[in-house]
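Everything on this sheet refers to the single structure shown next.
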Amino acid sequence: MWSHCTLRRLYSLLSAKMLVWKPADKDEIEDMVKAFESVGNYALAHNKLEEDTAFPFIAEQDPKFKEAIKAIEADHKKFTQDWNAIQPQVQAIAKLTPGTGQDQIAALAAKVKEITEFVFKLFAEEEKICLPFMVNIPKDKQQKLGKTIEELSRKDENSKFFFCAMMDASKHDKEMAETFKKETPWFARTMFSAIFLKKEYGWFQKVVEI
Ligand SMILES: [Fe+2]
C-alpha cells in the first residue's frame, strides 16, 4: 500500500502544478517532461507488479479473488490507455518555449486532473477488494509477498526515483511513516540520505512545487 500512498501524492503534485504552471525557462520544461515520464513509469510498473505478482499470489490463496479482481484489471487497461493517449501532448510541451503554449498546457492539465481522479478511484477500489482477501493470508506468506515485491522494485531501472518518492510520501502520511520506518531495512534509510534524495528527487520536488 506504500505505492498507493506514494502515487496518490505524485499525481496530486503533478496535477496541482499543471493547473497553474507557467514555465520560466527551458530547463523547467525539460524537468516537467521528465516528471511526467517518472510518475508514469512508476504507475505502470506498480500496476504490472500487481498483475504479474500480487494478484496471482492472492488468487493462489483464494481462487474467488480471480473473479473479484476482473474489474480492476479492466481499470488497469484503461489507465494505460489514458496515460499513453496524453503522451503526444507531453511531447508537444517539450518543444515549447517559455511564455508560449498556455492553451496546450491547460489542455494537458485538464487531462492530468481526470487521470489523477481516476487513479484515486482505482486505488480505493483495489484496496476495498484486496484487503479482505489479504487479512485471511497468514502473516509469513504476506511477508514473503512483500519481500518479492521489494526485490522486483529494486531491480527496476527507475528504482531510485520510486524509493525517493516513497521516502517523501512517508513524511506526509503518518500511517505510512510508521510502517515504513519499521519495515524498511536499515540500508534503505541510511543510503537514501538527504544528499541522495536531493540529487535523485530534488529536481522533481522543484518542478512540482507551487
Ligand atoms: Fe495498485
- Note on the structure: By the mean-Cβ-within-10 Å protection proxy, highest first, 124-133, 51-60 rank as 51-60, 124-133
- Task: Check cross-link reach from Lys70 to the aspartates and glutamates: straight Cα distance under 17 Å, and skip same-chain residues fewer than eight apart.
- Result: Glu50, Glu51, Asp52, Glu60, Asp62, Glu125, Glu126, Glu127
- Message: Ignoring everything except DSSP H segments at least 4 long, calculate the 222 nm mean residue ellipticity for the chain; use -39,500 (n - 2.57) per segment, divide by total residues, nearest 500.
- Response: -27500 deg cm²/dmol
- Task: Output the DSSP H helices from the chain with an along-axis C-alpha extent of no less than 27 Å and a mean Kyte-Doolittle hydropathy no less than -0.5.
- Result: 2-20, 26-49, 102-134
- What pairs in Lys64/Lys111; Lys147/Lys171; Lys34/Lys182 have C-alpha atoms more than 28 Å from each other? Lys64/Lys111; Lys34/Lys182
- Message: If I take all pairs of Cα atoms in the chain, what percentage of them are more than 21 Å from each other?
- Response: 56
- Here are some pairs, Lys22/Lys77; Lys78/Lys113; Lys48/Lys95; which of them have Cα atoms lying more than 27 Å apart in this structure? Lys22/Lys77; Lys48/Lys95
- Compare His172, His46, His76 in a GNM of the chain, Cα atoms joined below 10 Å, and give the one with the largest fluctuation. His172
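Each value in this text was obtained by applying a stated rule to the coordinates, not by laboratory testing. The structure presented is a predicted model; accordingly, all values stated were derived computationally and were not measured. In this analysis, Cβ positions are derived from the backbone assuming ideal geometry, glycine residues included, and neighbour counts consider all displayed protein chains.
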